[in-house]
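Heads up: the structure comes next, in structure tokens.
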Amino acid sequence: MSDKPSDKTLFAMDLTAMMAVEQISTETNEPQEKVLLDFMESNTAKMLYDDSTKLWWDGPSATAEEFKMNIK
């Protein structure tokens, strides 16, 4: 049995990431492209794409909050 997330789970993770990036961009007035690059290099992104953390279950707002806590 593989521990690789299913395509549906990866889609949910991607959607959560994009919605979190959009929220962060709106809140910080930073371009989405910059926020996306910063987000994808962050520990939050590692957590989001690690299915064992189930961060994506909590949705984009929780993911955005996690990212903001980690960059302080």
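The values are calculated or read from the model by the stated rules, or taken from the named source; none is laboratory data. From a predicted model like this one, the values you see are computed outputs, not experimental measurements. Ideal geometry is used to build each Cβ from the backbone, glycine not excepted, and the neighbour counts take in all protein chains shown. To get the accessible areas, we keep the full protein, side chains included, count just its heavy atoms, and leave off ligands, DNA and RNA. Shrake-Rupley method; radii C 1.70, N 1.55, O 1.52, S 1.80 Å.
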For Val21: the one exception among (1) within 18 Å of Ile71 (Cβ to Cβ); (2) open to solvent by 60 Å² or more (accessible area, probe 1.4 Å); (3) not polar (S, T, N, Q): (2)
Tally, over segment 33-58, of residues that are surrounded by 14 or more Cβ atoms within 10 Å (Cβ to Cβ) and over 20 Å from Met69 (Cβ atoms): 1
Criterion (over 19 Å from Met69 (Cβ atoms), out of contact with any strand residue (DSSP E or B) (no Cβ under 8 Å at 6 or more places or on another chain) and assigned to a helix (DSSP H, G or I)) met by exactly one of Lys8, Lys4: Lys8
Search result, residues across segment 26-50 that are assigned to a helix (DSSP H, G or I) and over 25 Å from Lys8 (Cα atoms): Thr26, Glu27, Thr28, Lys34
Tally, over segment 51-63, of residues that are modelled with pLDDT of 95 or more and outside any helix (DSSP H, G or I): 0
